[in-house]
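Trainee: A single structure is presented below for examination.
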Amino acid sequence: MEQILANGLYLGAQYALIALGLTLIFSLMNVLNFAHGQMYVFGGFVTYTVVAQFGLPFIVGLIASAVVLAVMGALIEKFLFRPVIRRSKRDESTMLLAAGIAFFLDAVILLLFGEKQRGVPKIVNGVFNWDMRLIMPYDRILIAALAVGLIVGFILFMQYSRTGRAMRALAQDRMAAQLMGVDVDRYSMIGFAMGAMLAGLVGGLLVTITGINLGMGGPTSIKAFLMIMIGGAGVISGAIAGGFILGMMESVGLTLLAAYGDVTYLMIFITLMIFLAIRPQGLMGKPWG
Amino acid sequence: MKRRNFLATTGLTLALALTATSAAWAQNATLKIGFVGVTSGPAAAWGISNQRSMEARAAWLNELGGVQIGDTTYDIEIVPFDDQKDPKRAIAGLEKMAQDGIHYVVGPNVDDGAAAVRPVAEQNGIMYFPYAFPKELYTAPASNAILGMVANYQSGPAIYKYLMENKGVKTVAFIAGNESDPLSQRDSGAAAARDLGLDVVSDTVTYQMDTTDFTPVLLPVIQTAPDLLVLSGVSPANAPQLIRSARELGYTGLISTETAQDAAVLAEGAGELANGFISVGGASTPELASDAMKEFVTRYTAMFGEYNDESNTKVYALEYIIETLKANPAAIDNVDEFKTTMDTFEAPNPFMVGDAKLTYVGTSSFGQKRQVSVPLVVNEFQDGKFETLFVAQVD
């Protein structure tokens, strides 16, 4: 049981961080960013390049991932999403744009980084072993702690900084925020950049554990959408809750249902369908959006 | 005046360019060879190594002046199609090849894709070289598919027997991705292990192909404490993570697979934890590679930046097609002629040292020659590179 809980918490921490970026973008701009998984992969490859190819410390790779993805996010918002949102009131326009960006990033990743699975050496060696009841490599513990630290930092930033408050105002009521003097374009760009940066940071963190390959983008996006559906789209606390719930469900299912074959995700999807039928807005979302 | 001069110069340049191009075209005819396989998504490494092997070899042959088949010299053109590991796309890919008049196709890379394209291949007179193991593709009445590598039901028993005799393996556990290829390889591997007298302690645990944390998946398998853990049909993307998680969970036994892997990927993803990992290697490890193979690796690396060890096997399919066509030029647009030639075909193997031959095999497994002959090379990963454990021959 201890092992199941630890695995669930570890998975939950990384999932929550992935979902945070997605839900931030959704709350600010009402955009379902289908390219979120590709941004995660791009961030992983940037860290890989800096650490494994250039031989620089892991923290430099992580910072590089954050910076590159933040710049990429800002540019995507300014030159792609902003004009489309301005010219089209239809939600599917931004969805198609996001899907197009996902395909484009897949192609760019293949061109820049190749088709192979990539990974960087373990940043911490050794395994924590509590009498064979709980086994957890130290690098996973470190990554989980860093993920939790980033989540806490993000919450504090959103809660107490001027930029965070402006973005929350924007998420609550775009028109009212604009009338109160919030620069909508500026904070939308900052929000998109932060969302992309979070995706890049998770990619950078996990490249030391799971490695990275160009096919990981789509499945990552799907899991991120699952999490924000569980927690409630556009709600930060909901994304965190969704991440931890999905991580725990996965851990419990993979251990307890192992004898029945690969039915864990089947059970998760069935549970989610029933849950959404009862509470379509998710745990913490509001029925009116 | 200036305008007239400009027009005259442009016209002359165009005429010269057209003449030069026509002359170039007139030099060699073009022989199109198709590739239908997965070059995107998590299994992209399988198909991309295929496609790049073909492109690197084709470029080399073209640079040498082309390939003479009968009285005609051809430049080889590779026509690729990404099936995205989707059987529907694989069918579309083979239909495209048929529309382009292509009779020889390498791929698909996986079982369901290879099975799906069979009717298209048979209706349109296409010989195809899948990297998929279902026996019904290669046994009569099927006759258009030629297995491009060693199947797991050929390599698995050889590996298990070797490990029983040399490492004292008595118990074995299998883990597979939840897809048709890994599952079928798991089932046939477990059956072969039981036939050899091994105790199969776990063969029900599977994982999603997009799993990022294998610790919870592996936990119930490791708790059975097998002497040998078999990663059935594992993709190069998942192998390092599975090895790493197994070792981090305290597993100290042997780990093997019957699929080809890449040493650089294992080194990056699992480091020294991958030491001792046993896999089926390409047909050209350093001890076996000829000078031509070494040059192929150099050319591949120059073209694409980095070599892929999986290409040690995937270099062969195009060579078999070209050499068989050389042996019987009538087969260039008639696959029945190709099939007839396969029974007696033999040519020097340019990629191996010694007097190794290119021949078609498979009579024991399929009742007819529907498999390319590449040596069964079983490798052990040690400190960033593969070392040959043993070599065997398949029929």
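Trainee: Which pairs turn up if I take residues in the range A:1-19 that are within 12 Å of chain B (Cβ to nearest Cβ) and look for partners that are of a type in the set (S, T, N, Q) and part of a helix (DSSP H, G or I) with beta carbon separation below 7 Å, at least 6 apart in sequence or on another chain?
Mentor: Note: pairs meeting the criteria are A:4/A:251; A:4/A:255; A:7/A:251; A:7/B:215; A:8/A:251; A:11/A:251; A:18/A:220.
Trainee: If you don't mind, there's one more thing I want to ask. I'd like the full set of residues that are under 30 Å from the mean Cα position of the chain (by Cα), open to solvent by 40 Å² or more (accessible area, probe 1.4 Å) and more than 9 Å from chain A (Cβ to nearest Cβ), limited to the range B:195-228.
Mentor: B:195, B:196, B:203, B:227 - these are the residues of the range B:195-228 that are under 30 Å from the mean Cα position of the chain (by Cα), open to solvent by 40 Å² or more (accessible area, probe 1.4 Å) and more than 9 Å from chain A (Cβ to nearest Cβ).
Trainee: Now for a separate question. Out of the residues in the range A:250-267 meeting the condition of being assigned to a helix (DSSP H, G or I) and surrounded by fewer than 18 Cβ atoms within 10 Å (Cβ to Cβ), tell me which one is farthest from the other protein chains (Cβ to nearest Cβ). Don't jump to the end; show me each part of the working.
Mentor: Taking the range A:250-267 as the starting set, the residues that turn out to be assigned to a helix (DSSP H, G or I) are A:250-256, A:258-260, A:264-267.
Now restrict to residues that are surrounded by fewer than 18 Cβ atoms within 10 Å (Cβ to Cβ): A:256, A:259-260, A:266-267.
Numbers: A:256: 9, A:259: 6, A:260: 8, A:266: 10, A:267: 13 Å.
Checked the range A:250-267; the qualifying residue farthest from the other protein chains (Cβ to nearest Cβ) is A:267.
Trainee: Can I ask one more? Residue by residue through the range B:348-376, note down the ones that are open to solvent by less than 10 Å² (accessible area, probe 1.4 Å) and assigned to a strand (DSSP E or B).
Mentor: Residues satisfying the conditions are B:358, B:360, B:371, B:372, B:376.
Trainee: Which of the numbered conditions does residue B:302 fail, given that it passes all the others? Conditions: (1) away from chain A (no Cβ under 14 Å); (2) touching a residue at least 12 places away in the same chain (Cβ under 8 Å).
Mentor: (2)
Trainee: Residue check: is residue A:80 surrounded by fewer than 19 Cβ atoms within 10 Å (Cβ to Cβ), touching a Leu at 6+ places or on another chain (Cβ under 8 Å) and closer than 18 Å to residue A:197 by Cα?
Mentor: In short, yes.
Trainee: Which one of B:357, B:314 is among the basic types (Lys, Arg) and more than 18 Å from residue B:129 (Cα to Cα)? Give the derivation first.
Mentor: On the way: B:314 fails: more than 18 Å from residue B:129 (Cα to Cα).
None of the other options fit; the residue is B:357.
Trainee: Quick one: how many residues across the range A:1-57 are aromatic (Phe, Trp, Tyr), closer than 21 Å to residue A:189 by Cβ and modelled with pLDDT under 90? Reasoning before the result, please.
Mentor: Going residue by residue through the range A:1-57, those that are aromatic (Phe, Trp, Tyr) are A:10, A:15, A:26, A:34, A:40, A:42, A:45, A:48, A:54.
Narrowing the set further to residues that are closer than 21 Å to residue A:189 by Cβ leaves A:26, A:34, A:40, A:42.
This time we only want the ones that are modelled with pLDDT under 90, so: A:26.
Selection size over the range A:1-57: 1.
Residues are listed down the side, and each one gets a yes or a no for (1) outside any loop (DSSP other than H, G, I, E, B); (2) surrounded by fewer than 23 Cβ atoms within 10 Å (Cβ to Cβ):
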residue	(1), (2)
B:112	yes, yes
B:121	yes, no
B:131	no, no
B:143	no, yes
B:149	no, no
B:153	yes, yes
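Trainee: So for the range A:21-42 (the condition being within 12 Å of another protein chain (Cβ to nearest Cβ) and closer than 19 Å to residue A:122 by Cβ), does at least one residue qualify?
Mentor: No: the range A:21-42 contains no residue that is within 12 Å of another protein chain (Cβ to nearest Cβ) and closer than 19 Å to residue A:122 by Cβ.
Trainee: Which members of the range A:260-289 meet the condition of being under 15 Å from residue B:208 (Cα atoms) and without any contact (Cβ under 8 Å) to a residue 40 or more places away in the chain?
Mentor: A:260, A:261, A:262, A:263, A:264, A:265, A:266, A:267, A:269 - these are the residues of the range A:260-289 that are under 15 Å from residue B:208 (Cα atoms) and without any contact (Cβ under 8 Å) to a residue 40 or more places away in the chain.
Residue-by-condition table, conditions (1) without any contact (Cβ under 8 Å) to a residue 60 or more places away in the chain; (2) touching a strand residue (DSSP E or B) at 6+ places or on another chain (Cβ under 9 Å):
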site	(1), (2)
A:62	no, no
A:75	yes, no
A:78	no, no
A:95	no, no
A:98	no, no
A:102	no, no
A:105	no, no
A:118	no, yes
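Trainee: Go through (1) out of contact with any Gly (no Cβ under 6 Å at 6 or more places or on another chain); (2) more than 19 Å from residue B:215 (Cα to Cα); (3) among the small types (Gly, Ala, Ser) for residue A:215 and report which single condition fails.
Mentor: (1)
Trainee: Something else about it: Any residue in the range B:235-258 that's at the interface with chain A (Cβ under 8 Å from one of its Cβ atoms) and more than 16 Å from residue A:215 (Cα to Cα): show its pairings with residues that are at pLDDT 90 or above and open to solvent by 10 Å² or more (accessible area, probe 1.4 Å) at Cβ separation under 6 Å, as long as the two are six or more apart or on different chains.
Mentor: What qualifies is B:249/B:222.
Trainee: Looking at A:89, A:116, which one is open to solvent by less than 70 Å² (accessible area, probe 1.4 Å) and either modelled with pLDDT under 90 or of a type in the set (S, T, N, Q) (or both)?
Mentor: Values: A:89 fails: open to solvent by less than 70 Å² (accessible area, probe 1.4 Å).
When all the criteria are applied, what remains is A:116.
Trainee: Follow-up question, since we're still on this one. Would you check if there is a residue in the range A:92-103 being within 13 Å of chain B (Cβ to nearest Cβ), open to solvent by less than 50 Å² (accessible area, probe 1.4 Å) and either modelled with pLDDT of 95 or more or part of a helix (DSSP H, G or I) (or both)?
Mentor: For the range A:92-103, residues within 13 Å of chain B (Cβ to nearest Cβ), open to solvent by less than 50 Å² (accessible area, probe 1.4 Å) and either modelled with pLDDT of 95 or more or part of a helix (DSSP H, G or I) (or both): present.
Trainee: Do any helices (runs of 4 or more DSSP H) lying entirely in the range A:150-239 carry at least 1 residues that are over 29 Å from residue B:244 (Cβ atoms) and either among the charged types (D, E, K, R) or within 14 Å of chain B (Cβ to nearest Cβ) (or both), and which ones are they?
Mentor: Result: A:162-172, A:174-179, A:184-206.
Trainee: Same structure again: Which residue out of A:205, A:266 is over 25 Å from residue B:270 (Cα atoms) and not aromatic (Phe, Trp, Tyr)?
Mentor: When all the criteria are applied, what remains is A:266.
Trainee: Continuing with the same structure: Checking residue B:211 against (1) at pLDDT below 85; (2) of a type in the set (Ser, Thr, Tyr); (3) out of contact with any helix residue (DSSP H, G or I) (no Cβ under 8 Å at 6 or more places or on another chain), only one condition comes out false. Which one?
Mentor: Here residue B:211 meets the rest and fails (3).
The values are calculated or read from the model by the stated rules, or taken from the named source; none is laboratory data. The model shown is predicted, which means the values in this text are computed figures rather than measured ones. FYI the Cβ positions are ideal-geometry reconstructions off the backbone, even for glycines, and counts take in every protein chain you see. Note: accessible area is taken over every heavy atom of the protein model, side chains too, but ligands, DNA and RNA are not part of it. Shrake-Rupley method; radii C 1.70, N 1.55, O 1.52, S 1.80 Å.
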